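The block underneath contains the structure these notes are about, expressed in structure tokens.
The values are calculated or read from the model by the stated rules, or taken from the named source; none is laboratory data. If you're wondering where the values come from, they're calculated on a predicted model, not measured in any experiment. Ideal geometry is used to build each Cβ from the backbone, glycine not excepted, and the neighbour counts take in all protein chains shown. When the accessible area is computed, the model is the full protein with side chains, heavy atoms only, and any ligands, DNA or RNA have been set aside. Shrake-Rupley method; radii C 1.70, N 1.55, O 1.52, S 1.80 Å.
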Amino acid sequence: MHISTRIFAAASIAAMSLFAGSAMADGEKYVIGTDSTYPPFEFVDASGTIQGFDIDIAKALCAEMKAECSFVSTDWDGIIPALNAKKFDMIVSSMSITPERLKLVDFSNKYYNTPPAIAVPKDSKITDVAGLKGKVIGAQTSTTHANYAEKHLADTELKLYPTADEYKLDVSSGRVDAVIDDVVVLSEWVKSDAGACCKILTTLPVDKEINGNGAGIAIRKGDPLKEKLNTAIAAIRASGEYKKIQDKYFDFDVYGE
């Protein structure tokens, strides 16, 4: 699925770096890469601070590990190459655990799992997935959702965008007929003023080969940080901290099955 739900392409990294430690002074120090253009999972608020569900989960995990963490906002297309180039220590950015990505990085256990969905303008005559035939669908480039559309919506025209914000602008202005993304991302958007143009058409069946097994935290191959993260994820689930963060953003269980 920003389970999300995004795949790497070329390497590039944004310059913005924001400190958001939740830590013990004598603990490990980690730099976390995130694409901060994927609300409600990660976004930059009016003060220039990275916020969102992923960010709060990362802070909780760092506190559990007694680690000091900072965040670097990074272009999605280059986020895996940047991790492997040691620009940061982990990726917390709604990255789906997929077979393709597992060739390049290791992942923690999942920390959430939600399905893809389609959104259309409120006045659209499209009433179901079959009605998308021959239509133009927008998606963020290098994502599992773009791959899903290529495989399962092959009778549509797929238009790719560098960020989710750009496909949202195009569907709201009528330049594309529909968009595909994580159901949470689209649901939060259509409830906002910016997304008042549109509605959720339907959720889509998960294709595990494409969508993976939920969103996990990516680390470099062989990094022992994986086990620390898995222990911390289990701990915040057991303590209720996970639910506290989830309830701040959602009125349903995003952890999934």
Per residue accessible area in Å² of the chain, where ligands, DNA and RNA are left out and the probe is 1.4 Å: 43
Karplus ³J(HN,Hα) for the range 201-217 (6.51 cos²θ - 1.76 cosθ + 1.60, θ = phi - 60°; Hz, whole; x = Gly/Pro) runs 7, 5, 7, 10, x, 6, 9, 4, 5, 9, 7, x, 10, x, 8, x, 9
Residue span residue 227 to residue 45: 0.36 nm per residue of separation minus Cα-Cα distance leaves a gain in nm of 62.3 nm
Would you kindly calculate the translational diffusion coefficient of the chain, applying Stokes-Einstein with the Kirkwood radius from alpha carbon pairs, for 25 °C and a viscosity of 0.890 mPa s, and quote it in µm² s⁻¹ without decimals? 134
Based on DSSP, what percent of beta bridges with both residues in the chain are antiparallel, to the nearest 5? 60
Quick calc: nm separation of the 7 Å Cα→Cβ label points for residue 196 and residue 175 -> 2.2
For residue 133, which lysines qualify as cross-link partners when the Cα separation must be under 25 Å and same-chain residues fewer than eight apart are set aside? 122, 125, 151, 159, 168, 199, 208
Decide, for the range 151-198, between rounded, prolate and oblate: order the square roots of the alpha carbon gyration tensor eigenvalues as a ≥ b ≥ c, take rounded if a/c falls under 1.5, and otherwise choose prolate if a/b is larger than b/c, else oblate. prolate
Amide H neighbours of residue 157 under 5 Å, at least 5 residues apart or on other chains, H built in the peptide plane: list them. 134, 135, 136, 137
Residue by residue through the range 220-233, the couplings from Karplus 6.51 cos²θ - 1.76 cosθ + 1.60 with θ = phi - 60°, in Hz, x for Gly and Pro, are 5, 3, x, 6, x, 4, 3, 5, 4, 5, 4, 5, 5, 4
Based on alpha-carbon positions alone, could you give the equivalent ellipsoid semi-axes of the range 114-208 from the gyration tensor, as √(5λ), descending, whole Å? 17, 14, 13
Cα centroid separation, the range 178-257 to the range 100-157 (Å): 15
Whose amide H sits under 5 Å from the amide H of residue 29, counting only residues 5 or more places off or on another chain, with H placed in the peptide plane? 68
Nonlocal amide H pairs with residue 44, under 5 Å, H built at 1.01 Å: 51
